[in-house]
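Read through the structure below, which is laid out as structure tokens, and then see the notes.
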Amino acid sequence: MFAKTLAKSIFLLISLIIITCVIYPGILWTIGQSIFPFQANGSILYNSEHKAIGSKLIAQPFTKAEFFQSRPSAASYDASASTSSALAPSNYALRDRVARSIGAVAKYQNGQPIASDVAKWFKQDVYQGKSNIVAQWATLHPSLATAWVNADPTHAAYINQWAKTHPDKIKQFMNDNPSIAQPSAVDLAVVFFQNFSKETPGKFPATTTEADTQSLFFDMWRQDNPDILLQTIPADYVTTSASGLDPHISLENAYYQLDRVTAKWAADLKRNPEEIAKEIEEILTANASAPLGGLAGEKFVNVLEVNIALEKHFGSTP
């Protein structure tokens with residue numbers, strides 16, 4: 001009796017393994033490869049040289065000025081680490097990240113970039129009527145100061161070098177913080193910025209570019225100039241998606257980037273910007289779509305598809 005029951009159990013186990021691990025996957029694979037090969041193989045897109053450059057389902061970063069840029073990604077565009085930022089509106093880190101994104105592209109209502117004015121304001125070294133902007137920034141937001149240190153190994157090296165030439169500051173820090181026997185660059189971040197601001201007013205550490213500085217202090221500039229009218233920036237230009245991998249941007253977002261993209265292609269090809277803009281608008285229109293066949297929601301474009309279309313239309317970038 002036992003042997004008969006065992007034989008039936010083994011037969012059932014083998015049958016289920018064959019059905020679930022061989023027959024069922026085989027049927028799905030056959031259907032996928034014969035009817036939906038594009039989707040089944042990852043929705044991979046190719047450039048003009050027929051080289052695979054990504055999936056239309058997953059966002060990726062674009063840094064060249066002649067291409068449209070994807071939404072910011074809390075997952076750093078890593079498909080294996082899909083995530084949102086999970087930052088609450090009350091968290092200053094969220095405000096800082098959005099402000100940095102805006103600071104890099106913000107314009108007055110007449111279309112003039114604000115970057116040069118932010119740079120002039122920063123060099124004057126006065127915020128809310130008080131001097132030493134960088135010291136105020138580090139004191140008000142110590143987490144941002146330490147984040148700057150952690151962002152690049154050269155930043156920590158810069159502070160360590162500073163520490164060697166300012167032994168009195170290190171001694172004072174250790175007296176104020178007796179629990180820290182050997183302060184690291186992260187521990188010294190706020191003290192470093194406070195001292196740096198007093199010694200070199202209107203400047204930021206040399207390891208940061210002027211463009212980075214303008215983005216970094218845009219929020220403080222905005223607080224000092226609340227009445228200045230700026231162009232409205234599409235929300236999805238500066239906010240991350242829930243997955244961090246959304247491959248689409250709104251058509252409004254694409255048009256906000258149009259001036260930059262047009263200017264770069266016109267310079268590369270030495271052609272009339274107005275003609276280039278018109279051709280790019282046609283590409284956007286051809287690739288734009290909305291949910292439910294256009295019956296609901298606003299129009300959007302797939303960033304990778306649009307950028308591939310640009311390269312196919314204008315040729316490879318220099």
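The values are calculated or read from the model by the stated rules, or taken from the named source; none is laboratory data. Keep in mind the model is a prediction, meaning the values are calculated, not measured. Quick reminder, even Gly has a Cβ in these numbers, built from the backbone with ideal geometry, and neighbours come from all protein chains shown.
One residue alone among 46, 24, 77 is on the phi > 0 side of the Ramachandran plot and among the aromatic types (Phe, Trp, Tyr), and that residue is 77. Would you confirm, using the coordinates I've provided, whether residue 300 is of a type in the set (Phe, Trp, Tyr), modelled with pLDDT of 90 or more and farther than 30 Å from residue 117 by Cβ? Against the criterion (of a type in the set (Phe, Trp, Tyr), modelled with pLDDT of 90 or more and farther than 30 Å from residue 117 by Cβ), residue 300 qualifies. Scanning region 172-183 for residues that are without any contact (Cβ under 8 Å) to a residue 12 or more places away in the chain and within 24 Å of residue 153 (Cα to Cα) yields a total of 4. Evaluated against (1) under 30 Å from residue 159 (Cβ atoms); (2) in a helix (DSSP H, G or I); (3) aliphatic (A, V, I, L, M), residue 206 falls short on exactly one condition, (2). Here residue 213 does not fit the description of being assigned to a loop (DSSP other than H, G, I, E, B) and of a type outside the set (D, E, K, R). Restricting region 230-259 to residues that are in contact (Cβ under 8 Å) with a residue 40 or more places away in the chain and aliphatic (A, V, I, L, M), the residue that is nearest to residue 55 (Cα to Cα) is 245.
Taking the condition of being touching a residue at least 40 places away in the same chain (Cβ under 8 Å) and within 22 Å of residue 54 (Cα to Cα), how many residues in region 282-302 meet it? Selection size over region 282-302: 3.
For beta carbons closer than 8 Å, sequence separation of 6+ or different chains, a first residue in region 67-95 that is free of Cβ contacts under 8 Å to residues at least 12 places away in the same chain and a second that is in a helix (DSSP H, G or I), the qualifying pairs are 87/93; 87/94; 87/97; 88/94.
Just checking, which of 279, 305 is of a type in the set (D, E, K, R), in contact with a helix residue (DSSP H, G or I) (Cβ under 7 Å, 6 or more places away or on another chain) and in contact (Cβ under 8 Å) with a residue 60 or more places away in the chain? Exactly one residue qualifies, and that residue is 305.
Taken over region 165-182, the residue count meeting the criterion of being closer than 14 Å to residue 196 by Cα and part of a loop (DSSP other than H, G, I, E, B) is 1.
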